[in-house]
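Report on the following structure.
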Amino acid sequence: MARVKCGVTTKARHKKFIKLAKGYRGRAKNCFRTARLAVERAAQYAYRDRRNRKRQMRALWIQRINAAVRQHGLVYSQFINLLSKANISLDRKSLSEMCINQPNAFSVLVKKVAPTIKFTSEAKQVD
């Protein structure tokens, strides 16, 4: 029987990794061994950072809400507590968008959940 060589299969496998490594620097873009390592490492970073991006976005939304609420004399934690007591279920992303794009609607929301807070043009100075 004739010997079976796997040249086609090996070439295809190598080509797959080289294609994924397109744009990398140095030997990582054209040597199979280094390309494979670089692609696997990049996949690990991508997997990790897809989760980190969600955390970072939530932190950004909270910072935006806190900045907007402080203009009304509240702090973030008080505002979220008042929202939950008023049975208003808005997520942080939509609250953040409201702070930026619709500040008048956001101030109406703050006045609705905290009617006892005295609203002035100057917010309380928080140390």
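The values are calculated or read from the model by the stated rules, or taken from the named source; none is laboratory data. Every value quoted in this text rests on a predicted model; they were computed, and no experiment measured them. Quick reminder, even Gly has a Cβ in these numbers, built from the backbone with ideal geometry, and neighbours come from all protein chains shown. Just the protein is used for accessible areas: all its heavy atoms, side chains included, with ligands, DNA and RNA removed. Shrake-Rupley method; radii C 1.70, N 1.55, O 1.52, S 1.80 Å.
A few notes on this one:
- Restricted to segment 1-25, and to residues there that are modelled with pLDDT under 90 and assigned to a loop (DSSP other than H, G, I, E, B), the residue that is nearest to the chain's Cα centre (by Cα) is 6.
- Lone qualifier among 59, 38, 28, 46 - being under 22 Å from the mean Cα position of the chain (by Cα) and farther than 22 Å from residue 97 by Cβ: 46
- In a residue-by-residue description of segment 32-55, the property of being part of a helix (DSSP H, G or I), of a type outside the set (Asp, Glu) and either touching a strand residue (DSSP E or B) at 6+ places or on another chain (Cβ under 6 Å) or under 30 Å from residue 112 (Cα atoms) (or both) applies to at least one position.
- Per the listing 38, 59, 86, the residue uniquely without any contact (Cβ under 8 Å) to a residue 12 or more places away in the chain, of a type in the set (A, V, I, L, M, F, W, C) and open to solvent by less than 60 Å² (accessible area, probe 1.4 Å) is 59.
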